[in-house]
1. Express in nm, to one decimal, how much length is gained between B:Y141 and B:C100 on full extension, taking 0.36 nm for each residue of separation and deducting their alpha carbon distance.
2. Could you please rank A:K63, B:K118, A:K26, placing first whichever residue has the fewest other Cβ atoms within 10 Å of its Cβ?
3. Mind jotting down a quarter of the surface of the convex hull over the alpha carbons of segment A:5-49, in square nanometres, one decimal?
4. How large is the convex hull of the Cα atoms of the protein assembly as shown per residue, expressed in Å³ as a whole number?
5. Run the reach check for A:K192 against aspartates and glutamates, Cα to Cα strictly under 15 Å, same-chain hits fewer than 8 apart removed. What comes back?
6. What number, in nm² with one decimal, is the all-direction average of the projected area of the convex hull of the alpha-carbon atoms of segment A:168-265?
7. Ratio of chain B's C-alpha Rg to 2.2 N^0.38 Å, to two decimals?
8. Quote the charge dipole size of the protein assembly as shown about the Cα centre in Debye, to the nearest 20; the model charges only the Cβ of Lys and Arg (+1) and of Asp and Glu (-1).
Amino acid sequence: MYAFTQHRPATVRQAASLLTKQEEAKLLAGGHTLIPTMKLRLAGPKHLVDLSKVEGLSGIEMKGRSLVVGAMTTHVEVETSPIMKESIPALAGLAGKIGDPAVRHRGTIGGSIANNDPNADYPAAVLGLGATIITNKRRIHADEFFKGLFETALEDDEIITKVQFPKVNKAAYVKFPNPASRYALVGVFVSKRSSEIRVVVTGAGANGVFRVTTFEEALKKRFGPKSIEGLTVPADGMASDIHGSAEYRAHLVGVLARRAVAAAA
Amino acid sequence: MTAVALTVNGKAVTGDVDPRTLLVQFLRENLRLTGTHVGCDTSQCGACVVHVNGKAIKSCTVFVWQIEGANITTIEGLAEPNGPLHPMQEAFREHHGLQCGYCTPGMIMTAIDMVNRKGHELDDPTIRHELEGNLCRCTGYHNIVKAIAAGAKAMKGHVQVQS
Ligand SMILES: Cc1cc2nc3c(=O)[nH]c(=O)nc-3n(C[C@H](O)[C@H](O)[C@H](O)COP(=O)(O)OP(=O)(O)OC[C@H]3O[C@@H](n4cnc5c(N)ncnc54)[C@H](O)[C@@H]3O)c2cc1C
Ligand code: FES
Ligand code: FES
């Protein structure tokens, strides 16, 4: 690992100013992506700006018709939160399927979303629920946030502070975990909020998380697994690696989407 | 260098460390608590699991300064040096839940965390799901699962010696 200097700001403003002032500075949240990456020398920040002492970045609260989740809220907190289990059980369930218990004790929603790993689970829920990402500078709708593999709309000195999830009528997430890493080989998140239907796929796309508009259209007529029976996504555009071919992933998208709709309906 | 202060197995400890120092390095190299193992160093195997403020975490994936002031329990802190084993340790011995023993400290720390969160009656699917972050190259897991189910029951009414 390359050497670095650590900083422990107490406010978002201090953290942001460290990011602007220090050369090659990076935020540290749960560290469960960044630390392994630093060990492999794939990342070598000169300054680490740790968010764990910053006030007001964690916790889950209901605001009107939305659930607002602080960026530093850990996966286990989302998994076990009574208000989350009551209002958006699909999201609590998704958090409970990330990695393993020790990973869930440290990993955070903000870190996961900022990282935008193509096999991560949270991006599917953020896009699948039409959430809004709140930063120290602005509000970004999920549709504008994810920009391809490990790329997001975030600027270098921008910090996610909260994620706002609207309550929906129906939602479910079905994940086919990679048996070794537990990340999603393919995961499908579906939701229905009055007339808005979203079918979102993580793990499969060669360019990261994406919506399947053909499935969404078919589900508008009737929200049930029969409505998308026989529908497929083209293998073209799917990721292909030692874990699964593009054809296999495309096949899983159809299967998991039907299961997710059945679970939500 | 950076100064750190923690409580480890009930004792206050301090150190002056390079910021790159991981918790597991601090435990093994500074404190000579070598019961916590490094199996992979890539956050996957769980041999390094310890409790930080009562929660199981992988000590190879946290810098020691990140948890400044925290209360740590390692495998060495579960029982008195010459006293009886912790019920979960005893269950691993009784049910032959280990062969080489390399994964065992992490397995036991994960198992106790599991009981703390999920209670004393644990069925097979729950135990196996909860063990997703702990790898064992020897046992084939069957006896580990048996040991955890038995240890969970035996932990009823058990009072932790330290921390
Ligand atoms: C063994 C293992 C298994 C895993 N399995 C899964 C899985 O099944 N599914 C899954 O989705 N993930 C999985 N993960 C990843 C895990 O969920 C990570 O915790 C998560 O991806 C990153 O969150 P973090 O809080 O650890 O972020 P960090 O590692 O601290 O940071 C990640 C990146 O995000 C940036 N960042 C962090 N917080 C913010 C913020 N508030 N604003 C802007 N940028 C920020 C950092 O600068 C860094 O670039 C796994 C990890 C491990 C080690
Ligand atoms: S050494 Fe920490 S998870 Fe393997
Ligand atoms: S007993 Fe040898 S690795 Fe588990």
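Each value in this text was obtained by applying a stated rule to the coordinates, not by laboratory testing. In this text, all values refer to a predicted model and were calculated from it rather than measured experimentally. Glycine gets a Cβ as well: all are built from the backbone with ideal geometry, and neighbour counts include every protein chain shown.
1. Working: separation 41, 0.36 × 41 = 14.76 nm, distance 1.30 nm.
Using 0.36 nm per residue and subtracting the Cα-Cα distance, I get 13.5 nm.
2. Working: A:K63 9, B:K118 15, A:K26 18.
Listing A:K63, B:K118, A:K26 from fewest to most nearby Cβ atoms yields A:K63, B:K118, A:K26.
3. Convex hull of Cα atoms, orientation-averaged projection: 3.0 nm².
4. Details: hull volume 62.0 nm³, N = 428.
Enclosed volume per residue, from the Cα hull, is 145 Å³.
5. Once the sequence-local aspartates and glutamates are set aside, what remains near A:K192 is A:E216, A:E217.
6. One quarter of the hull surface, i.e. the mean projection, equals 5.7 nm².
7. Numbers: Rg = 15.3 Å, N = 163, 2.2 N^0.38 = 15.2 Å.
Rg over 2.2 N^0.38 Å, computed on Cα atoms: 1.00.
8. In debye, rounded to 20, the protein assembly as shown gives about 960.
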